[in-house]
Amino acid sequence: MSRTTLAVAPKRQRGRLRVDAILKAGARLFSESGFDGTTMKEIAAQSGTAIGSLYRFFPTKESLAEALILHYGEQLFDGFDRIALRCAELSGEQLADALVDLMLDLRQDRSAAVALLDAQKDASGRRAALRGGTIDRIGAILRTHNPRLSGEASAAMALVLLQILKSVPVLASEQ
């Protein structure tokens, strides 16, 4: 998968709703069938969008894949940032619930992002950026929740916690 043409941002509310539907359908299909196993025609059908509208917003399948990866990163980081704003007033159990809820809310987007990154020839830098940003945010949340934690201790705990959080959607689907 190569990155070529960029997506076009919608200007009107109707266009934003259509793009949201396309992103949701794309995330679902890419997570189920991978990049190569998904067609733009399937995404258009699943999103209830005319194929011409799909191509107007996302000129290539690569541009849609890129938009989905970026969307996942934004949603993930925004979610951690929202938790960080209120974590000082949360109990440990409430904080754990908030982190688990975030992972459950983003499971489809994460699954799609992983499949799309797997399809890229050199995604190691992008993976490292997502991972690093995630660990930084979890570490900051842990330090805010427990100000006595050192930066080193919170980074180590954040790494372990990230591994646990990545398993949450899998465990939830097995119930």
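Taking a ≥ b ≥ c as the square roots of the eigenvalues of the Cα gyration tensor, the chain is prolate, since a/c reaches 1.5 or more and a/b is larger than b/c. Basic side chains Lys and Arg get +1 at the Cβ, acidic Asp and Glu get -1 at the Cβ, and with that the dipole of the chain about its Cα centre reaches some 680 debye. In order along the range 71-78, the Karplus-derived 3J(HN,Hα) couplings, from 6.51 cos²θ - 1.76 cosθ + 1.60 at θ = phi - 60°, round to 4, 4, x, 5, 5, 5, 5, 4 Hz, and Gly and Pro are given as x.
Dividing the summed -39500 (n - 2.57) terms of all DSSP H runs of n ≥ 4 by the residue count of the chain sets its mean residue ellipticity at 222 nm at -25500 deg cm²/dmol.
Starting from the Cα gyration tensor of the range 109-175, take the square roots of the eigenvalues, sort them a ≥ b ≥ c, and report rounded, prolate or oblate (rounded when a/c is under 1.5, otherwise prolate if a/b is larger than b/c, else oblate). The shape class here is oblate. Note that the chain presents 56 Å² accessible area per residue, ligands and nucleic acids not counted, probe 1.4 Å. With contacts taken as Cα pairs under 8 Å and at least 6 residues apart, the range 2-128 reaches a relative contact order of 36 percent. Taking the accessible area of the range 1-136, probe 1.4 Å, and keeping the other protein chains in place, the carbon and sulfur fraction comes to 51%.
Exposed loop sites, defined as trypsin sites (Lys or Arg not before Pro) outside DSSP H, G, I, E and B with at most 12 other Cβ atoms within 10 Å, are absent from the longest region of the chain, namely 13-120.
The values are calculated or read from the model by the stated rules, or taken from the named source; none is laboratory data. From a predicted model like this one, the values you see are computed outputs, not experimental measurements. Here Cβ is always computed from backbone atoms with ideal geometry, including for glycine, and neighbour counts include all displayed protein chains. Please note that ligands, DNA and RNA were not included when accessible areas were found on the heavy atoms of the full protein model with its side chains. Shrake-Rupley method; radii C 1.70, N 1.55, O 1.52, S 1.80 Å.
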